[in-house]
């Protein structure tokens, strides 16, 4: 009996014929008749850390004038572990002002992205980043993306060692093609002969995007179980022993497609630290070889794990590495929130976590956050660390420099804003959504702060204003802001309409469930008003809102 021939999706064909992700990008860039790139090149562009977008607020206006859409590009940097120096921040500030909209967006994967970059400004932008040794290689696309790690150095005396694995993993899984350097940085090809095949990605790369995170218990600020690979640091007597490994996490779904679903990762065992890079590498190769390449909606690692079975996947990794997984070690998470304000590590250095609502760094309505952070960078006395909750930590500050940094934060009202923001606002996350994301069905970062204003009023009404309830909003079901693992999740279905999800736990070990569909603002607030009233009256002790909604049976 012959094996049925597998169908090749269009994306797979484009990758296979791309000549190492080159495609016709160089030619597309030179076409001055359009602000867009050729359709195949738009897919390849993602592997270089960029997306083509357009201003959806102006589509109708431009269509009436028979003008093409107002195309621009988003560039996302690759910053393993989310740390850059003050020189890098200053360069980022300047590039954002000169070539983009001016806003710096901190992402949910511990990096930053700039929007509104015109086609003619792409190369100057990438060259400016290259001058300070920053790049956007593999920040998007069907490859391993930015590796995240618990953000605050005060979490552990051996934080530096754990953090180093983010960089090592990122380097080991980078594509080997020189396309990025040839196209954007004008590097000349060494020879006309064909480039050697990438030993990891070959000519098809991965079936879909791949995400890896590292957590240091009891902190789960990276939402470890939402990643394709989660590495949970096991530390005993201040010595890193290795990592518990989870696989198969991922949150993206498609409205109306029951074959798609969010999934939290499954812990498959413990691996000593000396073996972890090899194990991670081969987990990726198994996905490369067995992942679904016919249907991109079913191509993430979570679907491969569920289709093949967890035992098969684990055994295949053991076969390829020659390393057996040990029994998972005990661990416990207690929080996913960032530790705002000042904290001190074991070495005596200070770290200040700044609240950045939905990750948007800009000067707006008299609040000069962007100016303040630039002034901090110019002191050269603080490192910048991004968190997966879209905040920034001014980090590694010597005790003698603490007052200098604090004076800047006070001067520009940053300390006041961070201190006075409500717990629910500090635990809010939103994706970019409209007006630039092509997938968005509803608003995200532009609307959530307005909705939180009204939810704060409901919480005060029920004497719950001190409750640190997590709330997350996305403009589509792809789940970039991780709404399926928040206590209140809002997933866009149409303009002004959202599915309301409830019931995730505080620690990030349980998904929420869809409670009501297609709610407008009035309906959302009505449902929350009722639930907050019940929560205030019937909660058990210090029970979290997510545990309460899960317990009372409304999600069954």
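Any read-out appearing in this document is the output of simple, stated calculations on the displayed coordinates, not a laboratory observation. As the structure is a prediction and not an experimental result, all values here were calculated from the model. Positions of Cβ are backbone-derived with ideal geometry, glycine not excepted, and every protein chain shown enters the neighbour counts.
Points to keep in mind about this one:
- Using alpha carbons only, the radius of gyration of the range 314-388 set against its Kirkwood radius gives Rg/Rh = 1.21.
- Between residue 525 and residue 101, the C-beta separation translates, for a Förster distance of 22 Å, into a calculated FRET efficiency of about 0.10.
- Length added when fully stretched, residue 363-residue 56, from 0.36 nm per residue minus Cα-Cα: 108.2 nm
- The tail of the calculated P(r) for the range 425-551 beyond 22 Å holds 28 percent of all Cα-Cα pairs.
- Förster radius 30 Å - calculated FRET efficiency between residue 450 and residue 537, Cβ distance, rounded to 0.05: 0.60
- Evaluated at q = 0.08, 0.12, 0.15, 0.20 Å⁻¹: base-10 log I(q)/I(0), Debye formula over Cα of the range 303-447: -0.38, -0.70, -0.86, -1.17
- Counted residue by residue at 0.36 nm each, then reduced by the alpha carbon distance between them, the extension gain from residue 172 to residue 236 reaches 20.4 nm.
- Virtual spin-label span in nm between residue 7 and residue 465, 7 Å along Cα→Cβ: 5.7
- Within the range 149-163: backbone nitrogen closer than 18 Å to the residue 346 label point (7 Å, Cα to C-beta): 150-163
- Packing-based order for 329-338, 439-448, using average beta carbon neighbours within 10 Å, highest first: 439-448, 329-338
- Dividing the convex hull volume of the alpha-carbon atoms in the range 161-239 by its residue count gives 140 Å³ per residue.
- The mean of 1/r over all pairs of different alpha-carbon atoms in the range 243-346, once inverted, gives a Kirkwood hydrodynamic radius of 15.6 Å.
- If you take the Cα centroid of the range 262-330 and the Cα centroid of the range 80-98, the two points sit 34 Å apart.
- Cα gyration tensor category, rounded, prolate or oblate, for the chain with a/c compared to 1.5: rounded
- Footprinting exposure proxy for 297, 542 (fewest neighbouring C-beta atoms within 10 Å first): 542, 297
- Cα gyration tensor shape of the range 66-178, rounded if a/c is under 1.5, else prolate or oblate by comparing a/b with b/c: prolate
- Rg ratio (alpha-carbon, reference 2.2 N^0.38 Å) - the range 30-72: 1.27
- Gained length - residue 181 relative to residue 68, 0.36 nm times residue gap less alpha-carbon distance: 37.7 nm
- Cα gyration tensor, the range 341-422 - rounded (a/c under 1.5), prolate or oblate: prolate
- A crude spin-label estimate for the pair residue 327 and residue 398, with each label 7 Å from Cα along the Cβ direction, gives 4.9 nm.
- Using the average count of surrounding beta-carbon atoms within 10 Å as a protection proxy, the listed peptides 387-396, 545-554 rank, highest first, as 387-396, 545-554.
- Residue ranges 103-110, 16-23, 421-428 sort as 103-110, 421-428, 16-23 when ordered by packing (mean number of other C-beta atoms within 10 Å per residue, highest first).
- Summed over qualifying helices (DSSP H, 4 residues or more, each -39500 (n - 2.57)) and divided by its residue number, the chain shows a 222 nm mean residue ellipticity of -9500 deg cm²/dmol.
- Inter-probe distance in nm under a simple model that places probes 7 Å from Cα toward Cβ, at residue 419 and residue 94: 3.4
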